[in-house]
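Novice: For reference, the structure I am asking about is given below.
The values are calculated or read from the model by the stated rules, or taken from the named source; none is laboratory data. On a predicted model such as this, the values are computed, not experimentally measured, just so you know. Here the Cβ positions follow ideal geometry from the backbone for every residue, glycine too, while neighbour counts run over all protein chains shown. Side chains included, ligands, DNA and RNA excluded: accessible areas come from the protein's heavy atoms. Shrake-Rupley method; radii C 1.70, N 1.55, O 1.52, S 1.80 Å.
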Amino acid sequence: MSAPTGPAAEPALDPGIRALLDRWADEPEMFDGTVAESRARFVTQMREAGGAPARVPELGEAGGVPVRTHPPARRTSDALVVFLHGGGWVLGGGDVYDAAADRLADDLGAVVVAVDYRLAPEHPFPAPLDDVLAAVRALLADGPERYALVGDSAGANLAAVAALALRDEGRAPDALLLVYPPPDFEARYPSLAENAEGYWLSARDVRACSKLYLSGHDPRGDARLSPLRAPSLAGLPSTIVASAGFDPLRDAGHAFADALIAAGVDARRREHPGLVHGFYGFTAVPAADAAVSALHAELAQVLA
């Protein structure tokens, strides 16, 4: 007779992530202090956790919006990849994500164009979204045969909303990679309380950046903020939705993946139980590096 089995063990935080968080344990939360202080702290942490970029990007503009173009070390794909950085619509502009964009370009063998959209609180909603749409529309005017939108965190929110707008224009992307997206401003999910503090992004941080981005705008009923609540998600392309187990946004991402599947979208729910919000830029940690490699490999397969 087989022995009875007990409840499944709770997932454990990856030791490499734990060591990274321990090094930052005495630092303020992400959105403590002034916006300038938060931005400076974010730059330092991202560079420690993600390393230096492989190359200097080409600076330019698309649709009047600054962009940073990252050619791959060896080009093997004719697809255009548009990258939208995270940082809660407040942090992460300029060169902060150059290393992540270089990695994306090299893993896919494709040109990556990172959109340096305006940031809140100086430029709250809808300015960041307006910039993304203006840049993508201008890039599509050059006629790439295929293109993908990739975003992490706030960038994943912008990618999903932009994909819906472009779908309605008959120019939907060929693939989406959404890494720990915040797809819903209207609900509170269990992981927001479960992972409220101690895992880099806190529940207080989520509320703080949302308030700065909204700047008094009522999010209710506005799918430009909450793509999960769009009238229809049908017609979106193959979409990879990645989540981290110790992330306040985990359950919101799961809900979005499930809503995509219910709408008939080829949505791939990719869970990383031992990781935290931010892992896309934490590739100095082996487990995060492996997760990013797997996500990029799947995206390359979708685009092939």
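Novice: When both residues are 6+ apart or on different chains and their Cβ atoms are under 8 Å apart, which pairs have a first residue that lies in region 4-30 and is under 18 Å from Ala40 (Cβ atoms) and assigned to a helix (DSSP H, G or I), and a second that is open to solvent by 50 Å² or more (accessible area, probe 1.4 Å) and modelled with pLDDT of 95 or more?
Specialist: Once the first residue is under 18 Å from Ala40 (Cβ atoms) and assigned to a helix (DSSP H, G or I) and sits in region 4-30, its partners that are open to solvent by 50 Å² or more (accessible area, probe 1.4 Å) and modelled with pLDDT of 95 or more give Arg23/Glu48.
Novice: If only one of Ala263, Ala255, Ala290, Ala242 is of a type in the set (A, V, I, L, M, F, W, C), closer than 30 Å to Asp106 by Cβ and either surrounded by fewer than 24 Cβ atoms within 10 Å (Cβ to Cβ) or without any contact (Cβ under 8 Å) to a residue 12 or more places away in the chain (or both), which one is it?
Specialist: Ala290
Novice: For region 69-119, how many residues meet the condition of being of a type outside the set (Phe, Trp, Tyr), in a loop (DSSP other than H, G, I, E, B) and either closer than 24 Å to Leu201 by Cα or touching a Ser or Thr at 6+ places or on another chain (Cβ under 6 Å) (or both)?
Specialist: 16
Novice: Conditions: (1) open to solvent by less than 10 Å² (accessible area, probe 1.4 Å); (2) within 23 Å of Ala203 (Cβ to Cβ); (3) assigned to a helix (DSSP H, G or I); (4) in contact with a helix residue (DSSP H, G or I) (Cβ under 9 Å, 6 or more places away or on another chain). Leu225 meets all but one. Number of the miss?
Specialist: (3)
Novice: How many residues does region 49-66 hold that are farther than 14 Å from Val96 by Cβ, surrounded by fewer than 17 Cβ atoms within 10 Å (Cβ to Cβ) and of a type in the set (Gly, Ala, Ser)?
Specialist: Of the residues in that region, 3 qualify.
Novice: Just to be sure, is Val150 among the β-branched types (Val, Ile, Thr), open to solvent by 10 Å² or more (accessible area, probe 1.4 Å) and either part of a strand (DSSP E or B) or farther than 21 Å from Arg268 by Cα (or both)? Step through it out loud before you land on a result.
Specialist: Details: among the β-branched types (Val, Ile, Thr): yes; open to solvent by 10 Å² or more (accessible area, probe 1.4 Å): no; either part of a strand (DSSP E or B) or farther than 21 Å from Arg268 by Cα (or both): yes.
Here the answer is no, as Val150 does not meet what is asked.
Novice: Is one or more of the residues making up region 87-105 open to solvent by 20 Å² or more (accessible area, probe 1.4 Å), charged (D, E, K, R) and more than 23 Å from Asn157 (Cβ to Cβ)?
Specialist: Scanning region 87-105, I find no residue that is open to solvent by 20 Å² or more (accessible area, probe 1.4 Å), charged (D, E, K, R) and more than 23 Å from Asn157 (Cβ to Cβ), so the answer is no.
Novice: Before we move on, is Pro15 in contact with a strand residue (DSSP E or B) (Cβ under 9 Å, 6 or more places away or on another chain), open to solvent by less than 60 Å² (accessible area, probe 1.4 Å), of a type outside the set (D, E, K, R) and over 22 Å from Asp205 (Cβ atoms)?
Specialist: no
Novice: Pairs needed: first member in region 35-47, more than 21 Å from Ala284 (Cα to Cα) and modelled with pLDDT of 95 or more; second member anywhere, in a helix (DSSP H, G or I) and basic (Lys, Arg); C-beta distance under 6 Å; at least 6 residues apart or different chains.
Specialist: none
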